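**Student:** Input: one structure, supplied below.
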Amino acid sequence: MRITYTDVLIIGGGLAGLRTATGVKERGFDTILLTLVPPKRSHSAAAQGGMQASLANSVMGEGDNEDVHFEDTVKGSDWGADQEVVRMFVNTAPKAIRELAAWGVPWNRVKRGNRQAIINAKSVTLTEKDEAHGLITARDFGGTKKWRTCYTSDGTGHAMLYAMDNKAHEDKIEIRERREAIALIHENGRCYGAVSRNLMTGELHAYIAKATCIATGGYGRIYSVTTNATICQGIGQALALETGVATLGNMEAIQFHPTAIVPVGILTTEGCRGDGGVLRDVDGYRFMPEYEPEKKELASRDVVSRRMTEHMRKGKGVKSRYGDHLWLDITLLGREHIEKNLREVKDICENFLGIDPAKEWIPVRPTQHYSMGGIRTKYTGESQTLKGLYSCGEAACWDLHGFNRLGGNSVSETVVSGMLVAEYIADFCEKEESNIDISTKTIEKFINQEQEKLEKLIHKDGGEDAFEIREAMEKIMMDKVGIFRNGKDLQEAVNQLEELLKRSKNITVHRSQSLAANPALVNAYRTQKMLKVALCVAYGALLRTESRGAHAREDYKERNDEKWLNRTITSWRSEEQTLPDVEYEEIDIKSMELPPGFRGYGKNLNIVHKDSEIRQKEVDEIRAKSSDNRFKIQEKLMPFRDKLPKKYRGKNERLSERFNNE
Amino acid sequence: MSKERVLKISILRYDPHVKGDKPRMETFEVTEAPGMTLYIALNDIRKHIDSSLKFDFVCRAGICGSCSMLINGKPALACSTLTAKLGEEITLAPLPTFELIGDLSIYTGNWMRGLNERLSTWIHNEEKIDTDTLEEKMEPELAEEIYELDRCIECGCCVAGCGTMQMNDNFLGAVGLNKIARYQLDPRDKRSDEDYYELVGDEDGVFGCMTLLGCEDVCPKNLPLQSKIAYLRRQMVKIGK
Ligand SMILES: Cc1cc2nc3c(=O)[nH]c(=O)nc-3n(C[C@H](O)[C@H](O)[C@H](O)COP(=O)(O)OP(=O)(O)OC[C@H]3O[C@@H](n4cnc5c(N)ncnc54)[C@H](O)[C@@H]3O)c2cc1C
C-alpha cells in the first residue's frame, strides 16, 4: 500500500517541525514527521549565537521585559511585522526557553560578582547580582536595547535541536528520515497531506492527514553564496506555491548577515560583535562608528551589511581573488573568552581559513543568511487560502520579522511558533471540519502525476542540464537581487529567471538513470521548484519601489508608508504561467500598538502615512490617561492575549517581577 | 605561486539499489583550488564528471556531522578537510558499521536513533514544568561541563574508529557512553546511578571498552572521550560492588 493515514503530517524536522510534533502528540494526536535528513542534522543545528527571550537575569538585561522585546522586534522589522504576532511571540519566548531548560539545554548561566566584558572596544567590569546566580544569562546582539540573547557557548542551535529531538524520542514521535515531500495533496481548497519520495529507494508514498504542517526552513540556496545549509532550498515554499491555492508572503525580504567568511560563506556568529568584536577596513580602521555613532557594529543586521557594502564601494575593502572583503577583529576578546564562548568560530577559522582568531583578523563580507518571507499564514499558522495547510518556523511568514529579523529571534521563533501552532492544529483536529474527505482515486492521481514527472526527467533525451541552469539562477540572484537593488538589474533578473524557468521545463537527467538514490534526479526536480521561488523573490523586489528593512532600493531610497505599508503576496495559479501573481495585503496602522516611526539609523527618509500621526496621538493619550500597570495599558492599546492558546497566557515571572498567575 | 596540483581522488563506488552492481574503486582527477575542501572537490566531481556520485553534506561547516567518511582510511568530516592538508592521491570510502545508501552516503540516522532509544537519552523527570516562573538554577560551571559533553554531533567517526566495535557490534561505542556521562552529570535527569548501571554496566557498555583510544583520536569535536569513559567506568565499578 502506498498510502498512510495519520492525524497530522509534519514536513521538516528542524526546531519548528519537532516542536510542533511534540505539541500535537501531547494533545493526543498521531503524527508522522518527514525529513530529508536525520532531524539532528537539520539546519537549526548550525545556529550559533543564541535565542532571544526577555528573562532579564543578567545585569545588562535588567529592565528588560516583553514590552522592550516587542519594540525592538517591530522596529527591527521596519514596521513590516504583524504586531499581534510579535506580542504573542514575546510573551511566549520566556516560556519556550524555560521549557527547553527543563528538557536539557545547558544554557550558560549568570555567575555572581565581577567579570570583565568588552563593550565598545573597551574593557568594562560588570557586577552580577547574588540572587541571579545560576539563572540563564544572555549576551548582546544587534538591534536590541537590552542584552537578551541566551546561549550555550556558540552552539546554541545544536544544543536546542538535540534536546528537542531527544524529547521527540521520548514522546515516540514517528519520524521518517530521508523522505522528501515533493507535492501537496489537495482538493477543493483543502489540503490532505503530501506525496513523499524516499531518497534512498526512490519509492513514492502518500501521507494523508487532517492537517499538514510545512516546517522546511528557508530558501537561502537560491543564492550562490549563503550561510545556509545545502538543503535550505525553498522546497517547502515551492510545494505551497505549486498548489496554486496557497500563497507566499514578502518573499523579497532577504537578510544578509554581515560576517560570513570569505570565500565559502560560512557564518561567524553575531555573538562575535555582541561580545565586543569590531569591524575593520583595509587600513585596519574601525569604520562603523562613523556610519552609526550610536549602535556601531551592533546596529541592525540589514544596516551593518549595507554600511559594509558602502564602505567597500568607497575602495576601503581588502582586495582578494574572491573579491573585496573586510575584517572582523575578535582578538581583543582574548583567547580564554574565544575558546570558551566562541569555539565554533575558532574551529571554523582553523579548519576553513587556517588562522587563529585570537591572533589574526577574520576575512568577512555580508552574505545571504535568512528568509523573512515564506508561506503566508494567519497567526494560527494556517494558510490564509488553503484550509488544513499549516506552516511555521523559517518556512512561514505569519509575520514576525517583517522586512528584517533580529539576530536571535529566529531560533526563538521556531520554538515559539511550534508551541503555538501545535495547539491550533490540535484544536482543528478536534473539530468535525477536519475530517478527511478525499478519495483514494484522487490520491492515486497525485502519486501518478509525480511518478510521471520523474520518469520524464530520466527518460527524456537531450534536454537541458539542471546543474547549469541552477548555477545561472544562483548567480543572477547574487548579482542582481542582493543587498542593494535597483530597477534595471531587477528587471534583467526577472527576465533571465523567466527564461531559465522556461528552459527548466526541458531538463533531462544526464548520465545517471537510476530512479532510486540519484543526486542528479534530485537536483533536476528541485531546480525546477527553486526557480519559481527565485522568481517570487526577484519579481516582488522589482515591484516594491521603496526601501524597507533588508529590501534596499538604490532608486527608491525612502521607506514609503503611504504606498508600501503592506505585505507582498505571491501565488502561482497555473503551471502554464512563467511569473507569479502578485497582490498586496494592507497593514492597518489604526490597530497598531507601535505606529510607524523612524528606526533611528542614518537619515530619516520616510514618507509618512497620514494615519501614523493620528494613531500615535491616540496611543499617547491612552498612555497619558492611564494609571494602570503595563499589562493593562498594553491591553487597551492592542489586545492579543485571547488569541493565545490558554496554556500560554500566563505572565512571565522575573527576578524583578513576581505574579500570582491565576 | 606554486603550480596547481591535480588531485587524484579514488572513491569506493557501490550502489546496493542497482542490481548486479559491484563495489569498485574509481579515480577522478580534480584541479586543486586555494582553500579547497573535500566538500568543494566532491561537488566539482558531481557537477562536471559524474552526477550520480552519492555523498552527504548539509551544513558544510563542521557542525552537523553528515559528511563523515573514511579519508585515506581514517574517519573524519569531509567538509572541514582541506585538500591542501592531504597528498595528491586521496582515497575515500564510506564509514563502515552503518547502512550503506550508495557510494559515500550512509544512513547513520536509524543507528543513532536506536542507540538513543536504547539508552533513553533524554531528561527523566516526572515533575510538571511550570514555564511561567523562574527557571531552576544551575551552577555556571556545571552548565559548561554539560555543554562540553553535549557537543557530540553523532557523526559516527568514533564508532568507525572503535576496535571493540569490530568484535562486538552490540557495543555502545564512545558516542553512547559519552551520552550517559552527559546525563549522569545533569541534575535535571533524575535517574539514579543504579539506573545508569543497568544501561551501561556490562561488556556491551563501559566494561567492553578496550581503551584503544581510537575514538578520541578521530572525534572531530575533540570530546574528552577516553577520560569520560574511564570516569564512568570508575563510577560503575563502585555501584557494581
Ligand atoms: C549559520 C547560521 C546561524 C544561525 N544562527 C542563529 C542564531 O544564533 N540565532 C537565531 O535565532 N537564528 C539563527 N539562525 C537562523 C536559524 O537557525 C533558522 O532560521 C532556524 O533554525 C530554522 O529552523 P526551522 O526549524 O524553521 O528549519 P530548519 O532547521 O532549516 O529545518 C528544516 C527541516 O525541513 C526538512 N525539509 C526541508 N525540505 C523538506 C522536504 N521537501 N521534505 C521533507 N523534509 C524537508 C529538513 O530535513 C529539515 O529537517 C542561523 C542561521 C544560520 C544559517
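The values are calculated or read from the model by the stated rules, or taken from the named source; none is laboratory data. Model, not experiment: these values are computed from the prediction. Neighbour counts are summed over all protein chains in view; Cβ atoms, including those assigned to glycine, are modelled from backbone coordinates with ideal geometry. Please note that ligands, DNA and RNA were not included when accessible areas were found on the heavy atoms of the full protein model with its side chains. Shrake-Rupley method; radii C 1.70, N 1.55, O 1.52, S 1.80 Å.
**Student:** Counting only residues that are of a type outside the set (S, T, Y) and open to solvent by 20 Å² or more (accessible area, probe 1.4 Å), which one in the range A:319-332 is farthest from A:A138 (Cα to Cα)?
**Tutor:** A:R321
**Student:** Can you tell me how many residues in the range A:485-517 are within 30 Å of A:E310 (Cβ to Cβ) and part of a helix (DSSP H, G or I)?
**Tutor:** 11
**Student:** Right, something else. One residue is enough: does the range A:336-357 have a residue meeting the conditions more than 24 Å from A:V225 (Cβ to Cβ), in a strand (DSSP E or B) and more than 10 Å from the ligand (Cβ to nearest atom)?
**Tutor:** No, there is no match, as no residue in the range A:336-357 is more than 24 Å from A:V225 (Cβ to Cβ), in a strand (DSSP E or B) and more than 10 Å from the ligand (Cβ to nearest atom).
**Student:** When A:G463 is evaluated against the numbered criteria (1) more than 16 Å from the ligand (Cβ to nearest atom); (2) modelled with pLDDT under 95; (3) surrounded by 19 or more Cβ atoms within 10 Å (Cβ to Cβ), which criterion, by number, is the only one it fails?
**Tutor:** The number of the failed condition is (3).
**Student:** Looking at (1) within 14 Å of another protein chain (Cβ to nearest Cβ); (2) part of a loop (DSSP other than H, G, I, E, B); (3) within 15 Å of the ligand (Cβ to nearest atom), can you tell me which one A:A260 breaks?
**Tutor:** (2)
**Student:** So, one more: What's the total number of residues in the range A:602-660 that are in a loop (DSSP other than H, G, I, E, B) and away from chain B (no Cβ under 14 Å)?
**Tutor:** Going through the range A:602-660 one residue at a time, the tally reaches 14.
**Student:** Among the candidates A:E474, A:E499, which residue alone is over 21 Å from A:R365 (Cα atoms), open to solvent by 10 Å² or more (accessible area, probe 1.4 Å) and among the acidic types (D, E)?
**Tutor:** When all the criteria are applied, what remains is A:E499.
**Student:** Answer yes if at least one residue in the range B:95-116 is acidic (D, E), on the phi > 0 side of the Ramachandran plot, within 11 Å of another protein chain (Cβ to nearest Cβ) and touching a residue at least 24 places away in the same chain (Cβ under 8 Å), and no otherwise.
**Tutor:** yes
**Student:** Residue check, B:A143 against (1) within 12 Å of chain A (Cβ to nearest Cβ); (2) open to solvent by 10 Å² or more (accessible area, probe 1.4 Å); (3) without any contact (Cβ under 8 Å) to a residue 12 or more places away in the chain, all met but one. Which one?
**Tutor:** (2)
**Student:** Would the range A:236-256 turn up any residue that is within 10 Å of the ligand (Cβ to nearest atom) and within 14 Å of another protein chain (Cβ to nearest Cβ)?
**Tutor:** No, the range A:236-256 contains no residue that is within 10 Å of the ligand (Cβ to nearest atom) and within 14 Å of another protein chain (Cβ to nearest Cβ).
**Student:** Restricted to the range A:194-218, and to residues that are over 22 Å from A:E433 (Cα atoms) and within 10 Å of the ligand (Cβ to nearest atom), which residue is most open to solvent (accessible area, probe 1.4 Å)?
**Tutor:** Residue satisfying both the conditions and the ranking: A:T216.
**Student:** Name the single residue that is nearest to the other protein chains (Cβ to nearest Cβ) among those in the range A:120-141 being surrounded by fewer than 21 Cβ atoms within 10 Å (Cβ to Cβ) and small (G, A, S).
**Tutor:** A:G134
**Student:** Before we move on, is A:V8 in a strand (DSSP E or B), within 16 Å of the ligand (Cβ to nearest atom) and either hydrophobic (A, V, I, L, M, F, W, C) or closer than 19 Å to A:T156 by Cβ (or both)?
**Tutor:** Judged against the criteria, A:V8 is a match.
**Student:** Kindly indicate whether A:E621 is at pLDDT 95 or above, under 28 Å from the mean Cα position of the chain (by Cα), open to solvent by 80 Å² or more (accessible area, probe 1.4 Å) and more than 28 Å from A:K295 (Cα to Cα).
**Tutor:** For A:E621, the condition - at pLDDT 95 or above, under 28 Å from the mean Cα position of the chain (by Cα), open to solvent by 80 Å² or more (accessible area, probe 1.4 Å) and more than 28 Å from A:K295 (Cα to Cα) - is not met.
**Student:** Scan A:E558, A:E583 and give me the residue that is open to solvent by 60 Å² or more (accessible area, probe 1.4 Å) and not hydrophobic (A, V, I, L, M, F, W, C).
**Tutor:** A:E583
**Student:** Counting just the residues of the range A:22-66 that are among the basic types (K, R) and within 14 Å of the ligand (Cβ to nearest atom), which one comes out surrounded by the fewest Cβ atoms within 10 Å (Cβ to Cβ)?
**Tutor:** Selected residue: A:K40.
**Student:** May I ask you to list pairs of residues, at least six apart or on different chains, whose Cβ atoms are under 6 Å apart, with the first in the range A:259-274 being touching a residue at least 60 places away in the same chain (Cβ under 8 Å) and the second being among the aromatic types (F, W, Y) and near the ligand (Cβ under 10 Å from one of its atoms)?
**Tutor:** The qualifying pairs are A:E270/A:F141; A:G274/A:F141.
**Student:** Quickly run through the range A:316-360 and pick out the residues that are at positive phi and within 10 Å of chain B (Cβ to nearest Cβ).
**Tutor:** Answer for the range A:316-360, where residues must be at positive phi and within 10 Å of chain B (Cβ to nearest Cβ): just A:G354.
**Student:** Also: Do the conditions hold for A:G17, that is, is it open to solvent by less than 10 Å² (accessible area, probe 1.4 Å), away from the ligand (no atom under 11 Å from the Cβ) and either modelled with pLDDT of 95 or more or over 17 Å from A:I425 (Cβ atoms) (or both)?
**Tutor:** In short, no.
**Student:** Can you tell which of B:L92, B:L7 is among the hydrophobic types (A, V, I, L, M, F, W, C), touching a helix residue (DSSP H, G or I) at 6+ places or on another chain (Cβ under 7 Å) and in a strand (DSSP E or B)?
**Tutor:** Going through B:L92, B:L7 in turn, the sole match is B:L7.
**Student:** Mind counting the residues in the range B:41-92 that are open to solvent by 40 Å² or more (accessible area, probe 1.4 Å) and either aromatic (F, W, Y) or touching a residue at least 40 places away in the same chain (Cβ under 8 Å) (or both)?
**Tutor:** 5
**Student:** While we're here: Pick from A:A163, A:A211: which is of a type in the set (A, V, I, L, M) and more than 10 Å from chain B (Cβ to nearest Cβ)?
**Tutor:** So the residue among A:A163, A:A211 that is of a type in the set (A, V, I, L, M) and more than 10 Å from chain B (Cβ to nearest Cβ) is A:A211.
**Student:** Going through the range A:398-443 one residue at a time, which ones are within 12 Å of the ligand (Cβ to nearest atom), of a type outside the set (S, T, Y) and not in a loop (DSSP other than H, G, I, E, B)?
**Tutor:** Scanning the range A:398-443 gives A:N409, A:V411, A:E413, A:V415, A:V416, A:G418, A:V421.
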